[in-house]
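All remarks here apply to the structure that follows.
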Amino acid sequence: VEASIPKPLRETWRKLAATEFKGKEEFQREVVRHVETTLARSMYNCDELGAYSGAALALRDRLVIAWNKTQQQHTFVDSKRVYYLSLEFLMGRTLDNAMLNVGVKQTARDGLDELGFRIEDVIDQEHDAALGNGGLGRLAACFLDSLATLNYPGWGYGLRYRYGIFKQEIIDGHQVEVPDYWLDFNPWEFPRHDIVVDIMFYGYVRKQIEEDGTTRSIWEGGEVVQAVAYDYPIPGFDTENTNNLRLWSSRPASGEFDFQKFNAGDYESAVREQQRAETISAVLYPNDNIDAGKELRLKQQYFWVSASLHDIIRRFKKTHRPWDQFPERVAIQLNDTHPALAIVELQRILIDIEHLSYDKAWGIVTRTFGYTNHTVLPEALEKWSVPLMQHLLPRHMQIIYDINLFFLQGVEKKFPGDRELLMKVSIIEESQPQSIRMAFLAIIGSHKVNGVAELHSDLIRTTIFKDFVTVFGTDKFINITNGVTPRRWLHQANPKLSDLISEKLGGDSFLKDLTLLDGLLEHLDDKQFRKDWMDIKYANKVRLAKYIKETTQIAVNPASLFDIQVKRIHEYKRQQMNIFGIIHRYLTLKAMKPEQRKKAVPRVSIFGGKAAPGYWMAKTIIRLITAVGDVVNCDKDIGDLLKVIFIEDYNVSKAEMIIPASDISEHISTAGTEASGTSNMKFVLNGGLIIGTVDGANVEIVEQIGDEQAFTFGHLAHSVPELRHQHHFAKPKPVLDKCLKAVFDAILKGTFGTPELFEPLINSITEGGDYYLVSDDFQSYIDAQSLVDELYVDKDSWAERSITAVAKMGFFSSDRTIVEYAEQIWNIEPVPVPRQK
Ligand code: H53
């Protein structure tokens, strides 16, 4: 209140208030002003980076005006807000997206053109904001876009890592990790040095008897660090609404560093404390779907969760509402179990600091949180060791025990004497040492738990969480199928296709209501339309071929079938099966007579993706892909019939170029392992067909687009456990698929260089139980690939399939996903912000 301007003086402010640039000239003036003043450069030394910086700053000014207005409006209306807690936000680039969302791209294009710059080159200067590993982080980014576009008051809360996901270099065929320092020049962030939260670790808990006889727990004596807020405006598409992403950065609580130590000459330990604090938000853990259980990661989680909750509560308290209204003003979504400590932290604040009764506090907690599960993979389910938690967060450990005790007492009451059930649902696992099952904590502390695709939600209800369905009933466990934002993944990534669709549908409303795409079906028989459609696909392939040539020196023919698999490298995603299939293709081509070969469909197999630095088998898979490329790509017998490309450092901005260029993309995880997948949606939305297993969202995609439009193969999820069992116990052992055996023989013969490199990979299948069922699915995979070849020959019917598929993709917009969250979990309404005249 003290900070606001007295009423009589506000008129002066209003007159002077910042305004948005409207036309080309105003935009240009802003760009030049920023280049000359903010950047202190001139027309004599303004390169593309300078132009990018000037354009970004000009646009940023515009975003800020709408952003401020939005936040004022949300406060004024006092609407319920949702807070999306995610350790990852894989945002990619901002400039292009912001220009498109705000609707000024053409203005900017013309303006920059006259200043001597091509907008594409300017856009290309931006460093990706890569604060995520893969699907989970990119989903969070799509959700922010949809929340903003749909006018929901929704904030993201995350960590401002100094280093995002590492940059991948391929050196001699191996992955090498290089740090990703992305903060050099970042026009999109606003440091809020006035928003600082103290966060404590370690220390001890003391009991104190109050005057009224109650006992209180006091947590004290720990080490304190500070969280500083950095804000990022999130503009919606074709709306004034601009939401906020708040990321926390860590710093020492005692200012710069300990001056006493410094003055006493103990420089090193003075600096060490500072570094310890700064380390918390220094780096993103580079694991996707793997829990590493490191102390620093637990520190990151608590640091972020605690800062975010304090911030949320501070905002709530400004409304002077009683605590029991908290869940009516605040919804908090837990993106996986990474923020599950928020449940404990809110309970702690309510009982220890706000002095609410335990039961009242717990009622508020459970009405506030929703938990999204994104995986059933056992190695990805977070467990923290009890001694570690005890040491780092002693008060939280006590509260976890309390939560567990009261929960188990409830279970005992409902199912008297069922001790096995108690053991199965206990938050504490009786391992050595004991550990905390974070997913169980998240379920118990939330009012809704959702999976991310139908099959996945069924699986969690019937396998990993089945005992909780027994305890809580079925209503608590829902499905909300993932989606992707059509603004970035169609309009921005594939402007030509987006324009063609607009032309056919008579406008771009489909970008806000993706179900309108079904209007394309009316034009299915229009010959010219089909041709235009395929010409755009070809142009996108030319764009990718050019990039491949520039970065790998390998020439690929854009008339070939482009077969793409880009995603994190993981055994469950089975890039190994893809490369084995390619070897099979190579051997088959080699065995053909030259006349026979002429009939083969030329194919370019493209891979991209990072392996976690400590995931040795994933790195071996990359090594095999590059080794096969080295041989195949210069085999004169093969020529254009087969090329194998590994695109270095796959990230969001590269995805925007790669995805529109696919004829076929691969989503071939072992059934039951990929919770949803989201790149499958992006590929189909861009007119590529998919080859895939009956897994994750593939199932619903095929249901929507029709099975004519997809190539599915492989065993189904329900038969996986039995097949795995057979690999270990059946006598005689299941025989290795014979085509796969030929592939292994070729590798072991040294066809692709030193066979020893690849032996562990082969052994994991031949000796190690083939956990991912590569051998079991190989033949049907090869058959599906043959069908792809066969159908690709008829370009006209291929065009028909491609258009039909896109027309039926409306369901997979993240707008639909967000509306489902809003209605089924968050109970929030859109709050439109009045447009500026
Ligand atoms: O989350 C995506 C899913 C995808 C799943 C992924 C994911 C991570 O990227 C990291 C951790 C985790 O538990 C899950 O693997 O299937 O599409 C978004 O839901």
- Note on the structure: If we take region 100-193, then strands (runs of 3 or more DSSP E) inside it with 2 or more residues that are away from the ligand (no atom under 16 Å from the Cβ) and among the aromatic types (Phe, Trp, Tyr) are 154-159
- Note on the structure: The condition from (1) in a strand (DSSP E or B); (2) under 28 Å from LYS619 (Cβ atoms) that ALA229 misses is numbered (2)
- Of the residues in region 264-292, those that are farther than 21 Å from LEU139 by Cα and modelled with pLDDT of 90 or more come to GLN275, ARG276, ALA277, GLU278, THR279, ILE280, SER281, ALA282, ALA292
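Is it true that some residue in region 196-203 is within 28 Å of ALA129 (Cα to Cα) and touching a Phe, Trp or Tyr at 6+ places or on another chain (Cβ under 9 Å)? Please lay out each step first, then the result.
At the first step, the residues of region 196-203 found to be within 28 Å of ALA129 (Cα to Cα) are 196-199.
So of that shortlist, the ones also touching a Phe, Trp or Tyr at 6+ places or on another chain (Cβ under 9 Å) come out as 197, 199.
Looking through region 196-203, at least one residue is within 28 Å of ALA129 (Cα to Cα) and touching a Phe, Trp or Tyr at 6+ places or on another chain (Cβ under 9 Å).
Yes or no, residue by residue, for (1) aliphatic (A, V, I, L, M); (2) without any contact (Cβ under 8 Å) to a residue 24 or more places away in the chain; (3) assigned to a helix (DSSP H, G or I):
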position: ALA342; (1), (2), (3): yes, no, yes
position: ARG367; (1), (2), (3): no, no, yes
position: HIS374; (1), (2), (3): no, no, no
position: GLU379; (1), (2), (3): no, no, yes
position: GLN390; (1), (2), (3): no, yes, yes
position: LEU408; (1), (2), (3): yes, yes, yes
position: MET423; (1), (2), (3): yes, yes, yes
position: PRO433; (1), (2), (3): no, no, no
- In the set GLN208, GLN260, the lone residue that is in a strand (DSSP E or B), without any contact (Cβ under 8 Å) to a residue 40 or more places away in the chain and over 30 Å from LEU144 (Cα atoms) is GLN208
- Item | Residues (surrounded by 20 or more Cβ atoms within 10 Å (Cβ to Cβ) and over 25 Å from ASP121 (Cβ atoms)) located in region 629-661 | GLY629, VAL632, LEU641, LEU642, LYS643, VAL644, PHE646
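Please tell me if ASN494 is in contact with a Pro (Cβ under 7 Å, 6 or more places away or on another chain) and in the same structural domain as ARG801 (by TED's automatic domain parsing).
On the way: in contact with a Pro (Cβ under 7 Å, 6 or more places away or on another chain): yes; in the same structural domain as ARG801 (by TED's automatic domain parsing): no.
Criteria not met by ASN494.
Within the group ALA331, ALA307, which residue is within 25 Å of CYS142 (Cα to Cα), in a strand (DSSP E or B), modelled with pLDDT of 95 or more and of a type in the set (Gly, Ala, Ser)?
Values: ALA307 fails: in a strand (DSSP E or B).
Only one candidate qualifies: ALA331.
Looking only at residues in region 332-380 that are aliphatic (A, V, I, L, M) and within 16 Å of the ligand (Cβ to nearest atom), which one is surrounded by the fewest Cβ atoms within 10 Å (Cβ to Cβ)?
Of all residues in region 332-380, those aliphatic (A, V, I, L, M) come to 332, 334, 340-344, 346, 349-351, 353, 356, 361, 364-365, 376-377, 380.
Adding the requirement that they be within 16 Å of the ligand (Cβ to nearest atom) leaves 334, 340, 376-377, 380.
Details: LEU334: 25, ALA340: 28, VAL376: 19, LEU377: 17, ALA380: 19.
Step by step, filter region 332-380, then rank; the result is LEU377.
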- If you scan region 556-574, which residues turn out to be buried (at least 24 other Cβ atoms within 10 Å of the Cβ) and in a helix (DSSP H, G or I)? LYS573
- Note on the structure: Of the conditions (1) at pLDDT 95 or above; (2) within 30 Å of ASN151 (Cα to Cα); (3) touching a Ser or Thr at 6+ places or on another chain (Cβ under 7 Å); (4) not charged (D, E, K, R), the single one that LEU39 does not satisfy is (2)
- Query: Of the residues that make up region 726-738, is at least one more than 30 Å from GLY173 (Cα to Cα), at pLDDT 95 or above and touching a strand residue (DSSP E or B) at 6+ places or on another chain (Cβ under 6 Å)?
  - Reply: no
- Would you confirm whether any residue within region 488-504 is closer than 30 Å to ILE658 by Cβ, of a type in the set (Val, Ile, Thr) and not in a helix (DSSP H, G or I)? no
- For region 743-751, state whether one or more residues are under 20 Å from GLU571 (Cβ atoms), touching a helix residue (DSSP H, G or I) at 6+ places or on another chain (Cβ under 7 Å) and not aliphatic (A, V, I, L, M). yes
- Query: Of these, ARG297, ARG321, which one is assigned to a helix (DSSP H, G or I) and either within 16 Å of the ligand (Cβ to nearest atom) or not polar (S, T, N, Q) (or both)?
  - Reply: ARG297
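Inside region 754-837, counting only helices (runs of 4 or more DSSP H) that do not spill past its ends, which hold 2 or more residues that are more than 24 Å from ASP695 (Cβ to Cβ)? I'd like the intermediate steps shown before the answer.
Details: elements: 759-766, 774-792, 795-807, 814-821.
Qualifying helices (runs of 4 or more DSSP H): 759-766, 795-807, 814-821.
Quick grid of which residues meet (1) within 16 Å of the ligand (Cβ to nearest atom); (2) loosely packed, with under 14 Cβ neighbours inside 10 Å:
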position: LEU405; (1), (2): no, yes
position: GLY417; (1), (2): no, yes
position: LEU422; (1), (2): no, no
position: VAL425; (1), (2): no, no
position: GLN432; (1), (2): no, yes
position: SER435; (1), (2): no, no
position: VAL452; (1), (2): yes, no
position: THR463; (1), (2): yes, yes
- All positions within region 558-575 that are away from the ligand (no atom under 16 Å from the Cβ) and either over 20 Å from GLU656 (Cα atoms) or small (Gly, Ala, Ser) (or both): ALA559, SER560
- Query: Given the conditions (1) more than 30 Å from GLU220 (Cα to Cα); (2) away from the ligand (no atom under 14 Å from the Cβ), and given that GLN390 satisfies all but one, which numbered condition is not satisfied?
  - Reply: (1)
- Residues of region 580-615 that turn out to be assigned to a helix (DSSP H, G or I) and touching a residue at least 60 places away in the same chain (Cβ under 8 Å), as a count: 7
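Is it the case, given these coordinates, that ALA282 is closer than 22 Å to ILE195 by Cα, surrounded by fewer than 20 Cβ atoms within 10 Å (Cβ to Cβ) and in contact with a strand residue (DSSP E or B) (Cβ under 8 Å, 6 or more places away or on another chain)? Full working, then the answer.
Values: closer than 22 Å to ILE195 by Cα: yes; surrounded by fewer than 20 Cβ atoms within 10 Å (Cβ to Cβ): yes; in contact with a strand residue (DSSP E or B) (Cβ under 8 Å, 6 or more places away or on another chain): yes.
Spelling it out, ALA282 is indeed closer than 22 Å to ILE195 by Cα, surrounded by fewer than 20 Cβ atoms within 10 Å (Cβ to Cβ) and in contact with a strand residue (DSSP E or B) (Cβ under 8 Å, 6 or more places away or on another chain).
The values are calculated or read from the model by the stated rules, or taken from the named source; none is laboratory data. Only a predicted model underlies this, so the values are computations on that prediction, with no experimental measurement involved. All Cβ positions, even for glycine, are placed from backbone atoms using ideal geometry, and neighbour counts span all protein chains on display.
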